[in-house]
1. Using 0.36 nm per residue, how much length does the chain from Ser171 to Ser87 gain when fully extended, once their Cα-Cα distance is taken away?
2. Just going by the charge dipole of the chain, with Lys and Arg at +1 and Asp and Glu at -1 on Cβ, which of Leu282, Thr179, Ile321 is farthest out on the positive end?
3. Which of the three applies to the chain, rounded, prolate or oblate, going by the alpha-carbon gyration tensor with a ≥ b ≥ c and a/c under 1.5 meaning rounded?
4. What's the magnitude of the charge dipole for the stretch 63-179 around its Cα centre, counting Lys and Arg as +1 and Asp and Glu as -1 at the beta-carbon? Answer in Debye, nearest 20.
5. Treating only the Cβ of Lys, Arg, Asp and Glu as charged (+1, +1, -1, -1), what charge dipole size does the chain show about its Cα centre? Round to the nearest 20 debye.
6. Report the Cα centroid-to-centroid distance between the stretch 103-164 and the stretch 197-214 in angstrom, as an integer.
7. Connecting C-alpha atoms closer than 10 Å in a GNM of the chain, tell me which of Leu133, Leu215, Leu343 has the biggest fluctuation.
8. Mind listing the long-range amide H neighbours of Ile206? Cut-off is under 5 Å, sequence gap 5 or more, other chains count too, H placed in the peptide plane at 1.01 Å from N.
Amino acid sequence: MNQRVFDRVWTEVRNQYYDPDLHGVDWSAARQTWRPVALLAVDDRSLYRALGGMLDLLDDDHAGASPPAVARRQATLRQRRAAIGVSLRPELAGESYLIEGVRPGSPAAEAGVAEGWRLITAEGAPWTPEQDLAEGRPVTLAMLDAEGESRSLTLTPRMMDPVPAFAADRSRPGVLVLTVEGFESGLGRWMGEQLADLPPDIDVVIDLRGNPGGLLAEADAVLSCFLPRQRFWATRTGRSGRRIELRTAGGCGALDRPIGNDVAVLVDANSRSAAELTPAALQEARRAVVIGAPTAGAVLISQETRLPDGGRLSLSRADFITSGGVRLEKRGVTPDVAAPRTLEDRRAGRDPGLDAAVAALAEPRLEPATALQAAPVL
């Protein structure tokens, strides 16, 4: 199985990667180096670390392989499932994971786990993300708390309902806040429902912080909520070198035309892929003010392939250039207003980004939304 998985990954990169020159990497030499390591792997952790080491040669944040347990959790992200209630971000070459979020009422929250802690996954760790979670089966986690003190916690996963992919908050007067966890199927339809019959004096804030991206079609649907149909917003270039212009298709749910309300988009360093393409297009069209922190700069258009053991390979299949000629890869989107949200802000319940968005929308616009909406198709 190790051989089948490795050979599938190596072959997919050689035949399907968007850059036929593989960024100058000697792919045959990479095979000679990493194939023996993969074939000797005794578990998913060591196999996928070998695959990751080879894919890292491409210097592409979208090129990665997820072991079967991780792929299964991702596939059931919006389903009721056994969970301990933490969201993780890998760091330090896979030796540890940063705890980015702790779900209220979860086993992790009840055990006192907090944002900013670290899950240690170095050799000999009792549990790593390459292993499954099962209801009622305890797992022991090796962790470092905010003070750097080692902690060993045993948590028992239990069935939890999924966190909604999209959420609307109308609690602030004059502002509709739309939080998008991912560009998942149904986003455009949902956003159209939220914006239907929205009074023109209600401002819109789209929160894409921590959003890993998703479906390009849903990014186009979101843009269609605010930009005229057939508005040129990007160019994609595949392996063949053929360039394809991306234009808004008008798929914002039941809306028959884009709205003219003032818009702000919140982003941060964990806004990736479609969560960068979307604010970049709105920013270039002068249709929204972008607020927060610079985005990840991981915008190559990728697709996933199922591997023989149930894992997943993510691979870039096309390059992406904005309508203004900007290549966002390794660069990201620079906000119009800097308003990063620190760990201390999160723990204290403060949200300087949202506050800055509301303040920016309250200021007079340099150009009325109706004029922007009538901009000529390029």
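1. 27.6 nm
2. Highest projection toward the positive end goes to Ile321.
3. In terms of gyration-tensor shape, oblate.
4. 620 debye
5. Charge dipole of the chain: 960 debye, to the nearest 20.
6. One Cα centre to the other: 32 Å.
7. Leu343
8. Leu178, Ala264, Val265, Leu266
The values are calculated or read from the model by the stated rules, or taken from the named source; none is laboratory data. Here the structure is a predicted model, which means the values were calculated and not measured. Quick reminder, even Gly has a Cβ in these numbers, built from the backbone with ideal geometry, and neighbours come from all protein chains shown. Please note that ligands, DNA and RNA were not included when accessible areas were found on the heavy atoms of the full protein model with its side chains. Shrake-Rupley method; radii C 1.70, N 1.55, O 1.52, S 1.80 Å.
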